[in-house]
Structures are given as C-alpha cells and as structure tokens.
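Chemist: Dropping a structure here in structure tokens format, bear with me for questions.
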Amino acid sequence: MTKRLLAEFFGTFWLVLGGCGSAVLSAAFPNVGIGLLGVALAFGLTVLTMAFAVGHISGCHLNPAVTCGLVAGKRFPVKDLVPYVVSQVLGGIAGAFVLFIIASGAAGFDVAAGFASNGYGEHSPGGYSLLAALVCEVVMTFMFLLVIMGATDERAPKGFAPIAIGLCLTLIHLISIPVTNTSVNPARSTGVAIFVGGWAVEQLWLFWVAPIAGGVLGGIVYRVMGSPDN
C-alpha cells in the first residue's frame, strides 16, 4: 500500500505541476503562448505519461472522483478509498506548491489572478453560471469514467488504455476550460485553490461535489452497461 500511495502522490503532483503549470506559465507567454489547445494537451499528457509510469503500481487514479467512480463500478475496494484520496490531495498541494515557487520568480506574478483555479460566475473564464458549471463538471467526469472503465475493461484492446484516457482528458479540457477552467478532479482544484484563498476556496465545494457525483454515476452506468451478463 505504501508504494501505491506514493505512486498516487507523485502522479497527482505531476498532473498539477504539468497541467496547471502549463496554464500559469505558458498559456499566454509572450509570442509563444500555448493557449487553450496547449493547456488541454498538457493535462492529457500528464495522465498519459503517468499511466505508463505508475499505472502498474497504483492504477494511476490521480483523482478522488476517479477513485470514487471505480469503487462505485466495483473495480476498486472501498477500504482503500480514503488513503488514495488523501495521497492524491497531498500530491496536488505539493504540485501547486512547486508551481507557486516557480511562478513567483517572475516579476509581476500575482496569485490573485487565479493561479489556474476553478470557478463559476464571475470567476468562470467565460462567465458561466453556477448551474452551467455544475452540469459541465458532472457530465465531463461522467464521460471520463465511462472511458476509463471501458478502456481498462479486460475485453478492451490491451496496452492502449493510457492513450484513450489521456486523449479523453484532453478533449474534456477543450470543451470545458471556458466554463470552469476544467476541474473534473477535486485534488487538482484543491491544490491551487489553497494558494489563491478567498473566492477559490469558497467555490471549491462545487469542484468536489460535481466531479465525485459524475464519477460515481459513470462507474455505476458502466458497471450496468458493460456487464458481460447483460
């Protein structure tokens, strides 16, 4: 279990540092900014690379919503849920901490600008409402779990699951960055919100409730839909 928890810690650390780091450091960098497409790809690449690196150790959840969804889908034991979630959140905070140190090295850096935090209303990149953000996060995480459950099904083609999952997360970001800055992952949201404080922490509840609800629903639906007995 210690090795599995370390894998989840470092995997989530890399997801936050790589994904949020691309948004904070590179998205609008003068002349060579990577923009929305680059940030979306960066998040997908973090999951793809870590799935190959630690998937055989811990399953590479890197996300409390994924772990909850896998429990609901009968793919993961409920007794391991809390240790996994704690490791993921700590990894997310550690990744945000390293990113904060790096970003603080630039003149004019202001964490109050958002620091890749997730939000709704006036803190949504596109000004989307609470309801829109809630629906978006639930549906995106629901579809993420369907892809994860399907790609890792023993009947699926072997060895391709990390690619499908990484590309799915990229697509999710392409759709939802304008709405919420894309969470679908409470650990990712918590890590950066802690450093922003204020509104980011006040709105953090949504980015726990909605992804977990979507993840659990996705796990249950795939368990019913994908059962070989049906």
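The values are calculated or read from the model by the stated rules, or taken from the named source; none is laboratory data. No experiment lies behind these values; they were computed from the predicted model shown. Positions of Cβ are backbone-derived with ideal geometry, glycine not excepted, and every protein chain shown enters the neighbour counts. We work out accessible area using only protein heavy atoms, side chains counted, and drop any ligands, DNA or RNA first. Shrake-Rupley method; radii C 1.70, N 1.55, O 1.52, S 1.80 Å.
Chemist: Check whether at least one residue in the stretch 80-98 is over 21 Å from THR190 (Cβ atoms) and open to solvent by 30 Å² or more (accessible area, probe 1.4 Å), and report yes or no.
Modeler: no
Chemist: Just to verify a result, which residue in the stretch 128-160, among those that are open to solvent by 50 Å² or more (accessible area, probe 1.4 Å) and modelled with pLDDT under 95, is nearest to SER183 (Cα to Cα)? Step through it out loud before you land on a result.
Modeler: First pass over the stretch 128-160, keeping only residues open to solvent by 50 Å² or more (accessible area, probe 1.4 Å): 128-131, 134-135, 139, 143, 152, 154-155, 157-160.
Now restrict to residues that are modelled with pLDDT under 95: 152, 154-155, 157-160.
Values: THR152: 22, GLU154: 28, ARG155: 30, PRO157: 28, LYS158: 28, GLY159: 27, PHE160: 24 Å.
Checking each candidate, the answer is THR152.
This table checks each residue for (1) of a type in the set (Gly, Ala, Ser); (2) more than 14 Å from GLN88 (Cβ to Cβ); (3) modelled with pLDDT of 95 or more; (4) not in a loop (DSSP other than H, G, I, E, B).
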{"site": "PHE29", "(1), (2), (3), (4)": "no, yes, no, no"}
{"site": "LEU36", "(1), (2), (3), (4)": "no, yes, no, yes"}
{"site": "LEU41", "(1), (2), (3), (4)": "no, yes, yes, yes"}
{"site": "THR46", "(1), (2), (3), (4)": "no, no, yes, yes"}
{"site": "HIS61", "(1), (2), (3), (4)": "no, no, yes, no"}
{"site": "GLY69", "(1), (2), (3), (4)": "yes, no, yes, yes"}
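Chemist: Ok, one more. Out of ILE220, ILE175, ILE165, which single residue is out of contact with any Phe, Trp or Tyr (no Cβ under 7 Å at 6 or more places or on another chain) and under 25 Å from PHE115 (Cβ atoms)?
Modeler: Exactly one of ILE220, ILE175, ILE165 is out of contact with any Phe, Trp or Tyr (no Cβ under 7 Å at 6 or more places or on another chain) and under 25 Å from PHE115 (Cβ atoms), namely ILE175.
Chemist: Does the stretch 162-184 contain any residue that is closer than 22 Å to CYS20 by Cα, hydroxyl-bearing (Ser, Thr, Tyr) and open to solvent by 10 Å² or more (accessible area, probe 1.4 Å)?
Modeler: So far as the stretch 162-184 goes, yes, one or more of its residues are closer than 22 Å to CYS20 by Cα, hydroxyl-bearing (Ser, Thr, Tyr) and open to solvent by 10 Å² or more (accessible area, probe 1.4 Å).
Chemist: While we're here: Could you please give the count of residues in the stretch 195-217 that are closer than 18 Å to GLY119 by Cβ, more than 14 Å from the chain's Cα centre (by Cα) and open to solvent by 70 Å² or more (accessible area, probe 1.4 Å)?
Modeler: Looking only at that region, the number is 3.
Chemist: With the requirement that a residue be over 18 Å from the mean Cα position of the chain (by Cα) and not hydrophobic (A, V, I, L, M, F, W, C), what does the stretch 28-76 give you?
Modeler: PRO30, ASN31, GLY33, GLY35, HIS56, GLY73, LYS74, ARG75
Chemist: A further question on this structure: Of all residues being open to solvent by 50 Å² or more (accessible area, probe 1.4 Å) and either touching a Phe, Trp or Tyr at 6+ places or on another chain (Cβ under 9 Å) or under 14 Å from TYR84 (Cβ atoms) (or both) in the stretch 1-27, which is modelled with the lowest pLDDT? Just the residue, please.
Modeler: MET1
Chemist: Need the failing condition index for GLY55 against (1) at pLDDT below 95; (2) crowded, with 16+ Cβ neighbours inside 10 Å; (3) touching a Gly at 6+ places or on another chain (Cβ under 7 Å), just the number.
Modeler: Among (1) at pLDDT below 95; (2) crowded, with 16+ Cβ neighbours inside 10 Å; (3) touching a Gly at 6+ places or on another chain (Cβ under 7 Å), GLY55 violates only (3).
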